[in-house]
Amino acid sequence: MQIELPISKSIANRLLILQAIHGDGLLTVSDCYSLPDDVRIMSEAIRQLSERREARIDIGNCGTAMRFLTAYCAQLDGTTVILDGVERMRHRPIGQLVDALREIGAQIDYLGKEGYPPLRIKGCILDKQRLVTINNPQSTQFVSALLLIGANVQTDSTSPYITLTRTLIERYAQHHMNRSQGVDCERNVVENNVVGVVDLYKIERDWSSAAFWYEYVALHGGEITLPGLFRDSLQGDKVVADIFTRLGVHTTYTAEGITIVSTGVADLQRSDLQGIDVRSIAQRSAEEILLQDFSACPDLYPAVALTCERLGIELHATGTDSLPLKESDRLRAVREHRTDHDHRMAMALLIAGYEVDDTICISKSYPQFIEQWNNVIRSHA
């Protein structure tokens with residue numbers, strides 16, 4: 001079975017901010033059902049800000065939009081913007097980013113609890129040459145938000161998503177150099193979930209969304225092909241392939257994407273634990289343990305945790321500090337089998353066989369998931 005994943009909102013949202021600042025129109029986002037809410041909201045917010053000097057923007061529960069737009073609006077000289085979202089967003093910290101922006105001259109006020117949205121931002125000219133430091137960031141998107149507006153920021157984080165940001169910025173600079181030399185580029189068009197490829201930008205499909213189909217294959221068997229995913233991806237969540245290798249799912253890479261298939265055998269010895277026998281899934285005992293650090297891939301936690309639970313494997317998870325600050329408190333949500341309006345929890349719980357009463361939230365990252373899930377169920381009926 002072949003399944004079309006949504007585009008990587010991590011890549012698309014970064015390109016939208018870069019495009020808004022540099023104004024070269026490389027990326028066009030259409031209004032289509034399959035577009036992740038995060039990308040749609042970011043695109044619409046940028047459009048509003050291009051048309052008016054004052055705006056109130058509701059970003060829902062889209063943390064990426066809140067962080068990237070906070071930095072973007074701070075450098076829009078002469079504008080006044082209020083950024084707000086759902087109640088959960090008002091409990092997701094943004095103080096580290098606001099403090100860093102204030103250091104370079106940003107005028108940002110909290111309209112509620114100190115350190116949390118909603119925010120009033122009066123855009124002004126920032127001192128982007130002044131060095132700001134964010135060490136041990138609560139979210140690496142704080143660092144990326146500063147990098148995207150051209151701020152001089154240093155951090156001790158080695159997150160692959162900061163590397164992704166730096167790489168896209170470098171490619172944008174190369175693009176401008178090419179244009180100055182008369183080398184034209186095609187445009188990226190995001191329409192009906194089909195993305196054109198520019199010579200410098202490839203908006204890949206979303207590796208974090210692939211995690212749920214890895215979960216499916218690990219729990220239910222079978223074979224699934226996922227186009228648009230690549231071994232050399234810039235996305236940090238490509239590590240899902242290595243994690244699920246240890247849970248009995250083999251990944252084959254092709255020029256078009258990947259195919260994942262159940263091997264029926266776990267390889268928990270690759271988790272750096274010694275003395276654990278590799279046995280068939282049916283024979284595994286609850287004494288088996290998977291060690292995994294989620295500090296660089298927190299969005300994979302729901303799928304991995306629920307897979308381990310269903311397979312009787314004890315998960316020893318480290319690097320989980322950011323999980324209580326996500327769309328839900330994901331540590332509690334996994335433990336109590338609840339969605340709390342969290343798109344990733346809803347998908348992971350559905351595939352693990354739990355009843356889910358809130359599927360609307362899934363459109364945040366994967367609008368076509370329910371349709372695809374129903375198709376998979378019918379095909380195996």
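Numerical summary
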quantity: Placed amide H near Leu76: partners under 5 Å, 5+ positions off or other chain; calculated: Cys124
quantity: From phi via Karplus (6.51, -1.76, 1.60), per-residue ³J(HN,Hα) for the stretch 123-135 in Hz, x at Gly/Pro; calculated: x, 7, 7, 9, 8, 6, 7, 6, 6, 10, 10, 10, 9
quantity: Per-residue ³J(HN,Hα) for the stretch 205-211, Karplus 6.51 cos²θ - 1.76 cosθ + 1.60, θ = phi - 60°, Hz, x for Gly and Pro; calculated: 6, 8, 5, 5, 6, 5, 4
quantity: Karplus 3J(HN,Hα) series, Hz, for the stretch 224-240 with 6.51 cos²θ - 1.76 cosθ + 1.60 (x for Gly, Pro); calculated: 9, 9, 10, x, x, 10, 9, 4, 8, 4, 7, 6, x, 6, 5, 4, 4
quantity: Added length on full extension, which subtracts the Cα-Cα distance from 0.36 nm per residue, Arg52 to Glu87; calculated: 10.0 nm
quantity: Electrostatic dipole magnitude of the stretch 204-262 [Cβ: Lys, Arg +1; Asp, Glu -1; Cα centre; debye, to 20]; calculated: 120
quantity: Peptides 307-318, 322-333 ordered by average Cβ neighbours within 10 Å, highest first; calculated: 322-333, 307-318
quantity: Label zone at Gln107 (point 7 Å along Cα-to-Cβ), backbone N below 11 Å, the stretch 58-85; calculated: 77-81
quantity: Amide proton proximity set for Leu247, modelled H, under 5 Å, gap of 5+; calculated: Asp267
quantity: Loop-located chymotrypsin sites (Phe, Trp or Tyr not before Pro) in the stretch 51-137, at most 13 other Cβ atoms within 10 Å (DSSP); calculated: none
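Throughout, read-outs are computed from the coordinates displayed, never taken from laboratory work. What you see is a predicted model, and the numbers here were worked out from it, not measured in a lab. Don't worry about glycine lacking a Cβ; one is built from the backbone with ideal geometry, like all the others, and counts go over all protein chains shown.
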